[in-house]
Amino acid sequence: MSVQILGDQATEERAENARMSAFVGAIAVGDLVKSTLGPKGMDKLLQSSSDIGKSMITNDGATILKSIPLDNPAAKVLVNIAKVQDNEVGDGTTSVTVLSSELLKEAEKLIERKIHPQTIIEGYRIARNVALEALEKASVNNGSNAELFRKDLVNIARTTLSSKILSQDKEFFSNLAVDAILRLKGSTDLNNIQIIKKAGGKLSDSFLDEGFILEKKFGINQPKRIENAKILIANTSMDTDKVKVFGAKFKVDSTAKLADLEKAEKVKMKNKVDKIKKFGINVFINRQLIYDYPEQLFTDAKINSIEHADFDGVDRLALVTGGEVVSTFDNPERVKLGQCDLIEEVLIGEDVFIKFSGVAAGKACTIVLRGATEQGLDEAERSLHDALSVLSQTTRETKTCLGGGCSEMIMSKAVDQAAANETGKKALAIEAFARALRQLPTILADNAGFDSSDLVTKLRSAIYNGMTTSGLDLYKGVVADMRDMGIVESFKLKRAVVSSAAEASEVLLRVDNIIRAKPRTADRNH
Amino acid sequence: MAAQQQGMAMPDMSNAIVAQDEMGRPFIIVRDQGKKQRKHGLEATKSHILAARSVASIVKTSLGPRGLDKILISQDGEITITNDGATILSQMDLDNEIAKLLVQLSRSQDDEIGDGTTGVVVIAGALLDQALELIEKGIHPIKIANGFDEACKIAIQQLDKVADEIKISADASDPNLLRAAKTSLGSKIVSKSHDQFAQMAVDAVLSVADFERKDVDFELIKMEKKVGGSLEDSSLIKGVLLEKDFSHSQMPKHIEDCKIAILTCPLEPPKPKTKHKLEISTAEEFKALQEYEQKKFQEMIDCIKNSGANVVACQWGFDDEANHLLLANGLNAIRWIGGSELELLAIATNGRIVPRFEDLTPEKLGTAQSIRELEFGTTRDRMLVVEGCSNTKSVTCFIRGSNDMIVDEGVRALHDSICVVRNLVRDNRVVYGGGAAELTCSLAVSEAADRQKGIDQYAFRAFASALDTIIMTLAENSGLDPIDTLSGLKAKQATEKSSQLGVDCLGKGTNDMKELFVIDPLIGKKQQLLLATQLTRMILKINDVIISGKDEY
């Protein structure tokens, strides 16, 4: 006699079945993004199912995975780690997914050999610690030497960009990205880097402005060029400065009184403008709207005004010009004004922008991207964003390590040695971890169209023989010195890849039961 | 939708009692008669026991340090991966009433003790399993239940007898507390950074514990989670963590020696609570109002300034003008803080929550050593850490991890171990884990069985073998031979007269749980037995179930 305890349509998968469905899902996700790995990885074209016209071409693991509706719980875990990797470091999203799916693939083989999942986890934990230690030992810290550090940054940017659409102009863009990051002076807030996309021109027409560009216009009849600008950045209402006391309402019994009130309103606005004039400025930038009347007053006072420069714009301007964001105007002496040498209207493509050059503080900057198609520009922005994220994180954690499969092989060597020192079934799991790590250079070689078995074994013997800077040259298909080739990656990125992938595979390995509730139906009466 | 409408128009004839009118058209006399179900007598009891058994078999594999996790997929496709019995059961889509009782069972263990939620369900399942055999022998269910009650009493007595009193000091490095926390964490994924989490749990409890009253106020321990990094990056913050940033982007990100004004009034123009109307009819009035407004803002700022505060924590929002005035006066401000967080901040900093600006006085300010802003990777998320508070009795556990599921599970695991440590602060008697406590109870009960007159003997033996199930399950989950382990251990406990022998789940080479430091609080174990026995009685007493046909919808 059996009793059904679960709800209608709820399903349960147990033991081998549950494990199988977890592994299958994870491995499928890994295979999906595998082919985008490395400089010769290919892009994916994603077409929206709801909006047929909308499509996206990308190489970014996190973007691909985010856009695919998945039903498998294990797949969702992998998508989640890719997303977190994106938020933490900004790049390496494909690597983390591929590595954890490889770890699960190896684990599956061990489970077939009747090894308890918890034993595998134990082995994986040991292996992970050994791998991270080896990675740390192999990493180089140039943080104290500005010149070398800049070179590292450029190399990191180049490595990151080489797998993206920007690869043909990677020299150009890596310098651009490094310049932009160094401009932030240690802040990791990428919000301070504004990226303006304008279709037209070619990718290498993109530029980093030495000043700052705002997507706004001056008021009517105001000069298009101002030298030695003194800027007041404000967040105040310049439309109808309302009475803020709650419930206040106008009630008049004659048109004469109405006119009086209107006048009073105007006087109020005029007073405000007068107060602003006392700051001795020639440019006034407001986050909110500026109505015609105050704008006209500003024009008369030879003050240029810019309205509606939203939150980000105001914050960035404050950083660039070193001014304070102001909302009350009673104490001009206490307020810091922004400064810059020249403000002028410029044309990019067909649109008018305001350009601030010769800025005082300059802790924010603008990158203008040009390119042939919208999709291309979007992908370029994503790639650049990845590079910027990695760079900004590298300014915090200045250690670097080598790419091209070099770090993975070093870790795999250390893990293999640890396996030899371990007794019991754990050792098998540790070996498996080393194999999974070696899969990354294998996939890199495969994607580049080389004989991976040949190349990876060559790399392995090089690393084992003490040439610890060897890696794969994926353009020539040989083992080469990565330090010479300048293929450098951020240590933080690599560490996050290994530790997140190990954590995710552990989560999934521990599962022996999947209970699925009945999917909610789109039924309102329910 | 369409199918349902059809259903409305055309009722299901197969389940209805139908007659035909003179034209041969059917009309319904009793609708859905066939859907009404009734089960009674032994059949009902048996089906209940089977239901309980299948629930227990789901959570069974989570028991012990080598137990595995479950993936639960909610109606909306969200996934939870967990090892915690209470969480597994509460998130399952259950339809069976008896199964729901088991959910309640694990929940009450969770509420009362906080740990051992899997164990209690496994024991209840085993008790019912044993009861089934007795029922088949022809023993009346109530007799069985009575026998179980008596047996449970003996088991509890035995637990009291073998319990060791351990010394607990308020010292964070107290090895006993750490061991208990580690026992509870052993089965969870956080065993990856076992020592760290155990230490966090102990630190958290000890910093808020009230040793005189032997109580721990959980309100003072806050859990915050954030994906990113790995589990090792989790930490205990002796202070408060707010998911907010400073109100003005140009305020400094780090302040030392903070004097905090905690406000529940907005920095906005006054807003009377009574219904009112303010009518402006002349230009003079308009001007007067304008001045009033500005004066009001200045007054607010002055009030704060005069009290000597340098940080403003407010439950409500700020007007742009007020915000700038705060910046201009060098006051850092945080707005839109939730009610409970504000209270926590007040407790932590020893400040008073002030509802009016006029009431601000220097002694009502909270103090903290520093407030700093945390940034997370490449996202725009920010958090504020208030540290070095004057009242150290408020802590925040900050859990990190590489994905949502692991972070959530980390929070649950830490909560469990905090509960265990709290239980020890309340009652410092412990029993040994790894099935040792269950085994000694089982031995005591089966010994007592022989002295029973009448049918109770059977119930006693059944109770003892139900307790054995825990040991067998632990052994099975750890990949050991369950029967071999059980019989070996039983013989060993009986001959050595030691209540510390349990299953060596991790292959450490010894069965002495005292040596392996696997300890559980006594009250947790007692509660498991009591609750499970109670539930068994309740289920055995039911002999009739009537399920009315569900309404069509």
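Just so it is clear, none of the values below were taken in a lab; they were calculated from the coordinates. Just so we're clear, the structure is a prediction, and the values are computed from it rather than from any experiment. Using ideal geometry, Cβ is built from the backbone for each residue, glycine included, and neighbour counts are taken over all protein chains shown.
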ask   = Once every DSSP H run of n ≥ 4 in chain B is given -39500 (n - 2.57) and the sum is divided by its residues, what mean residue ellipticity at 222 nm do you get, rounded to the nearest 500 deg cm²/dmol?
value = -15500 deg cm²/dmol
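Taking a 19 Å limit on the Cα-Cα distance, which of the listed pairs A:K105/A:K399; A:K40/A:K197; B:K214/B:K393 fall beyond it? Let's see the in-between values first.
On the way: A:K105/A:K399 31 Å; A:K40/A:K197 26 Å; B:K214/B:K393 15 Å.
Those over the limit are A:K105/A:K399; A:K40/A:K197.
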ask   = For peptide B:320-330, how many partner chain Cβ atoms fall within 10 Å of a residue's Cβ, on average?
value = 5
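With 23 Å as the limit, write out which pairs from B:K192/B:K226; B:K167/B:K514; A:K272/B:K277 have Cα-Cα distances beyond it, or answer none. Kindly include the intermediate steps, with their values, before the conclusion.
Working: B:K192/B:K226 18 Å; B:K167/B:K514 15 Å; A:K272/B:K277 27 Å.
Violating the 23 Å limit, Cα to Cα: A:K272/B:K277.
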query = In percent, what relative contact order does chain A have, based on Cα pairs under 8 Å that are 6 or more apart in sequence?
reply = 27 percent
Where a label projected 7 Å from the Cα of A:K216 along Cα→Cβ would reach, residues of the range B:317-340 with amide N under 18 Å = B:320-321, B:324
message = Given R₀ = 35 Å, what would the calculated FRET efficiency be for A:N331 paired with B:K253, taking r from the Cβ atoms and rounding to 0.05?
response = 0.90
request  = Give me the number: length gained by fully extending B:E515 to B:Q157, i.e. 0.36 nm times residue separation minus the C-alpha to C-alpha distance, one decimal in nm.
outcome  = 126.5 nm
key: Partner aspartates and glutamates for A:K151 [C-alpha distance under 16 Å; skip if fewer than 8 residues away on the same chain]   = A:E171, A:D179, A:E397, A:D484, A:E489
inquiry  = Placing one identical point scatterer on every Cα of the protein assembly as shown and ignoring solvent, what is log10 I(q)/I(0) from the Debye formula at q = 0.05, 0.07 Å⁻¹?
reply    = -0.44, -0.82
request  = Give the Rg (one decimal place) followed by the Dmax (whole number) of chain A, computed from C-alpha coordinates and expressed in Å.
outcome  = 29.3, 98
ask   = How about A:K458: which aspartates and glutamates have a C-alpha closer than 16 Å to its C-alpha, ignoring those fewer than 8 places off in the same chain?
value = A:E408, A:D446, A:D473, A:D481
Dipole of the protein assembly as shown [Lys/Arg +1, Asp/Glu -1 at C-beta], most positive-end residue of B:L220, A:A259, B:S498 = B:S498
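Of A:S500, A:S357, how do they rank once you tally other Cβ atoms within 10 Å and put the fewest first?
On the way: A:S500 31, A:S357 16.
By the 10 Å Cβ count, ascending, the order reads A:S357, A:S500.
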message = How big is the dipole moment of the range A:212-361 about its Cα centre under a simple scheme where the beta carbon of each Lys and Arg is +1, that of each Asp and Glu is -1, and everything else is neutral? Debye, nearest 20, please.
response = 600 debye
note = Helix B:456-477 sits off the longest principal axis of the Cα atoms of chain B, rounded to the nearest 10 on a 0 to 90 degree scale, by 60 degrees
message = Along the Cα→Cβ direction, 7 angstrom out, place labels at B:V545 and A:D351. What is the inter-label distance in nm?
response = 6.5 nm
ask   = Quick one: B:C258, B:C303, fewest Cβ neighbours within 10 Å first, how do they rank?
value = B:C303, B:C258
query = Nearest-5 percent of antiparallel DSSP beta bridges in the range A:212-361?
reply = 65 percent
inquiry  = Nearest 500 deg cm²/dmol is fine: what mean residue ellipticity at 222 nm does chain A get from its DSSP H runs of n ≥ 4 alone, each adding -39,500 (n - 2.57), divided by its residue count?
reply    = -16000 deg cm²/dmol
query = Which whole number gives the average count of other chain Cβ atoms within 10 Å of the Cβ atoms across peptide A:5-13?
reply = 6
A:Q288-A:K54 pseudo-label distance in nm [points 7 Å out on the Cα-to-Cβ vector] = 3.3 nm
query = Counting pairs of alpha carbon atoms under 8 Å apart in space and at least six apart in sequence, what relative contact order in percent does chain B give?
reply = 25 percent
ask   = To the nearest 10 degrees, how steeply does helix A:452-464 sit against the main Cα axis of chain A, on a 0 to 90 scale?
value = 90 degrees
ask   = Averaged across the residues of B:391-403, what count of C-beta atoms belonging to other chains lies within 10 Å of each residue's C-beta?
value = 3
ask   = Can you sort A:T299, B:T80 so the residue with the fewest Cβ neighbours within 10 Å comes first?
value = A:T299, B:T80
inquiry  = Among DSSP bridges having both ends in the range B:239-391, what percentage is antiparallel? Round to the nearest 5.
reply    = 65 percent
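Could you compute the FRET efficiency for A:K224 and A:K249, with r as their C-beta to C-beta distance and R0 at 51 Å, rounded to 0.05?
Values: r = 43 Å, r/R0 = 0.84.
Using R0 = 51 Å, I get an efficiency of 0.75.
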inquiry  = Helix B:283-307 against the longest principal axis of chain B: what's the angle in degrees, Cα atoms only, rounded to the nearest 10?
reply    = 60 degrees
Pairs beyond 25 Å (Cα-Cα), from B:K153/B:K541; A:K76/A:K494; A:K230/B:K244; B:K490/B:K525 = A:K230/B:K244
